[in-house]
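Report on one structure; see the data block that follows.
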Amino acid sequence: PASQLLAASGQHLLLDMVGGSFDKLNDEQYLRQATLNIVKETKMTLVEIESHKLEPQGVSVVALIAESHLSIHTWPKHGSALIDVFTIGSAVNLQDHLDYVIEQYGGNVTASTYSIIPRGRPSKSVSVEMEDQFLPAEIMTVHKHKRK
């Protein structure tokens, strides 16, 4: 039997940023402001922002946005950061804002790597056979037994 599923769709940006300065990547207030600038530039809707200065170095900033979330976790000693932006039901094209995101956080555009992954299903409602679905327990079991 088929199951009716609510359509969900979005974009997921996974960015490995390099080339940043120690000072910027270790500055909690700078990274909070850069995150706010990105939310404003992309015309996303800020719900809440949280940040935390790590010891001896590093910063994590997470912005809850109406469209989903944006996060950055930094490794100042290495001039790097891992950035995650997920948008759902949004007209925002993350590819169009990639350079801006990297520049705001102080990284090197040409040296950084990224993936933009389409998520979910494009239609309003979809009828899907249950065997076509991945269940969380199955995914975890598969990865648990994988070897390099």
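A few remarks follow.
- Residue check for Gln11: crowded, with 18+ Cβ neighbours inside 10 Å and in a strand (DSSP E or B): yes
- Screening Leu82 on (1) open to solvent by less than 70 Å² (accessible area, probe 1.4 Å); (2) among the aliphatic types (A, V, I, L, M); (3) within 12 Å of the chain's Cα centre (by Cα) shows it passes everything except condition (1).
Okay, residues lined up against (1) hydrophobic (A, V, I, L, M, F, W, C); (2) part of a strand (DSSP E or B); (3) more than 25 Å from Ser115 (Cβ to Cβ); (4) out of contact with any Pro (no Cβ under 8 Å at 6 or more places or on another chain):
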site	(1), (2), (3), (4)
Leu15	yes, yes, no, yes
Lys40	no, no, no, yes
His52	no, yes, yes, yes
Glu55	no, no, yes, yes
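- Verdict on Ile88 being within 17 Å of the chain's Cα centre (by Cα), open to solvent by less than 10 Å² (accessible area, probe 1.4 Å) and within 20 Å of Ile116 (Cα to Cα): no
- Residue in the stretch 42-77 that is farthest from Val18 (Cα to Cα), counting only those that are open to solvent by 30 Å² or more (accessible area, probe 1.4 Å) and in contact (Cβ under 8 Å) with a residue 24 or more places away in the chain: Lys43
- Looking across Thr87, Thr74, one residue alone is modelled with pLDDT under 95 and in a strand (DSSP E or B). It is Thr87.
- Filtered residue count, the stretch 14-28, keeping only those that are closer than 17 Å to Tyr100 by Cα and open to solvent by 60 Å² or more (accessible area, probe 1.4 Å): 3
- Residue within the stretch 40-49 that is within 13 Å of Gly107 (Cα to Cα) and in contact with a helix residue (DSSP H, G or I) (Cβ under 6 Å, 6 or more places away or on another chain) present: no
The values are calculated or read from the model by the stated rules, or taken from the named source; none is laboratory data. Quick caveat, the model's predicted, so the values are computed rather than measured. Neighbour counts are summed over all protein chains in view; Cβ atoms, including those assigned to glycine, are modelled from backbone coordinates with ideal geometry. Surface areas here come from the heavy atoms of the whole protein model, side chains and all, with no ligands, DNA or RNA. Shrake-Rupley method; radii C 1.70, N 1.55, O 1.52, S 1.80 Å.
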